[in-house]
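What follows is one structure encoded as structure tokens, with my remarks underneath.
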Amino acid sequence: MTKRAVVRGVGHYLPERVIPNAWFEDRVETTDEWIRTRTGIERRHFAADDETTASLALAAARAALDNAGLLPDDIDAIILATSTPDLTFPATATMVQAALGMTRGFAFDVQAVCAGFVFALANANALIVSGQASRVLVIGAETFSRILDMDDRATCVLFGDGAGALVLEAQDGAGTADDRGILSADINSDGRFRDMLYVDGGVSTTGTAGVVRMQGNALFRQAVEKLAATADAALAKAGLGHGDVDWIVPHQANIRIIQGTAKKLTMSMDNVVVTVQDHGNTSAASIPLALSVGVGRGQIKPGDLIVTEAIGGGLAWGAVVLRW
Ligand code: UT7
């Protein structure tokens, strides 16, 4: 018997306020046409003034718990991936823990920017496989609208707010690639590339939150190479190949990156869950949002083999192979 971290529930939350591309035409020198053709984004959601990363995360967590048929005290741990925490500390995960009314277990944040959810899944899997937790709530939640320079057309049009969550549960598997649950993870970072995507403020430097700065073109070139390589590495660890994959659920930064990576992986776009047109880049929230939407659309079904992959600031990147 092999212990596996199996998905028991999934859910998401998107703020009500939808910002179409045209909204930016009055603010910076851009067009709906440029944004659509260069990124695939048509609209994104921005949090209301009274919403925060914790409140978005809480709504997604409640949806995932409902979907799993579980109560907050059935959960041993919360891992929340975010780069836009409510406060410098405590961890936003502890705010969600309290708001859920959870009186046991532990909660912490993971900060690997757009790759955050993949890093969080790898950590949740390690906790479950090592017997330190039986049920883990894994959340990706962001309010990137709060760290955008609305005068910088190269970045402000790209990002959105939202949250998604999975409930992972320890279940016995046979130890083969036919098992349900997480089959492998491959995570990487290379701090030499940290200037490609960063926020220009912080607690121990400027004392401010800062705004997003990005060398989009250089990052684009890194993204396709590294995403295909990490997806291949994760598949190899699971003893699987491209032909075994039912769905790629990629980080949703740019439709051209998603298409380029699928091509490198010899996968048809018919096997890729795409939400970038509706959500923009929601950083650590993009993969759980896409998983939840993919299930809602009837694309992802029990037993399907899924590869998630993401890259972002750090650079940090990785992939997780799981059977739904
Ligand atoms: O989530 C983390 C991972 N994120 C990514 O991987 C993002 C990766 N990068 C990208 O998605 C793309 O590089 C962008 C969408 C950011 C930019 O697309 P691009 O095709 O690489 O454009 P570019 O940066 O090479 O810029 C081309 C032109 C430039 O004008 P000039 O210098 O050629 O006159 C930009 O100033 O497009 C201009 N431009 C814009 N024009 C209209 C940049 N942003 C805009 C804009 N509207 N919003």
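What the table below lists for this structure:
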{"item": "Residue check, Leu70 away from the ligand (no atom under 16 Å from the Cβ), over 23 Å from Gly210 (Cβ atoms) and either touching a residue at least 24 places away in the same chain (Cβ under 8 Å) or part of a loop (DSSP other than H, G, I, E, B) (or both)", "result": "yes"}
{"item": "Evaluation of Ile287 against (1) among the β-branched types (Val, Ile, Thr); (2) touching a Phe, Trp or Tyr at 6+ places or on another chain (Cβ under 6 Å); (3) more than 16 Å from the ligand (Cβ to nearest atom) (one fails), failing number", "result": "(3)"}
{"item": "Residues satisfying the stated conditions in the stretch 1-44, i.e. in contact with a Lys or Arg (Cβ under 7 Å, 6 or more places away or on another chain) and among the acidic types (Asp, Glu)", "result": "Glu29, Glu42"}
{"item": "Unmet criterion (only one of (1) within 24 Å of Val276 (Cβ to Cβ); (2) at pLDDT below 95) for Arg36", "result": "(2)"}
{"item": "Of all residues making up the stretch 9-55, the number that are over 18 Å from the mean Cα position of the chain (by Cα), surrounded by 14 or more Cβ atoms within 10 Å (Cβ to Cβ) and closer than 29 Å to Gly69 by Cβ", "result": "1"}
{"item": "Residue within the stretch 158-172 that is hydrophobic (A, V, I, L, M, F, W, C), in a helix (DSSP H, G or I) and within 16 Å of the ligand (Cβ to nearest atom) present", "result": "no"}
{"item": "Strands (runs of 3 or more DSSP E) completely within the stretch 1-54 that count 3 or more residues being away from the ligand (no atom under 14 Å from the Cβ) and in contact with a helix residue (DSSP H, G or I) (Cβ under 8 Å, 6 or more places away or on another chain)", "result": "2-13"}
{"item": "Of all residues in the stretch 94-134 being among the aromatic types (Phe, Trp, Tyr) and in a helix (DSSP H, G or I), the one that is nearest to the chain's Cα centre (by Cα)", "result": "Phe117"}
{"item": "Criterion violated by Leu80 - all others in (1) within 15 Å of the chain's Cα centre (by Cα); (2) outside any strand (DSSP E or B) satisfied", "result": "(2)"}
{"item": "Which numbered condition Asp50 fails, given (1) over 15 Å from Arg135 (Cα atoms); (2) in contact (Cβ under 8 Å) with a residue 40 or more places away in the chain", "result": "(2)"}
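The values are calculated or read from the model by the stated rules, or taken from the named source; none is laboratory data. Note that this is a predicted model, so its numbers are computed, not measured. With ideal geometry, Cβ positions are generated from the backbone for all residues, glycine too; neighbour counts draw on all protein chains shown.
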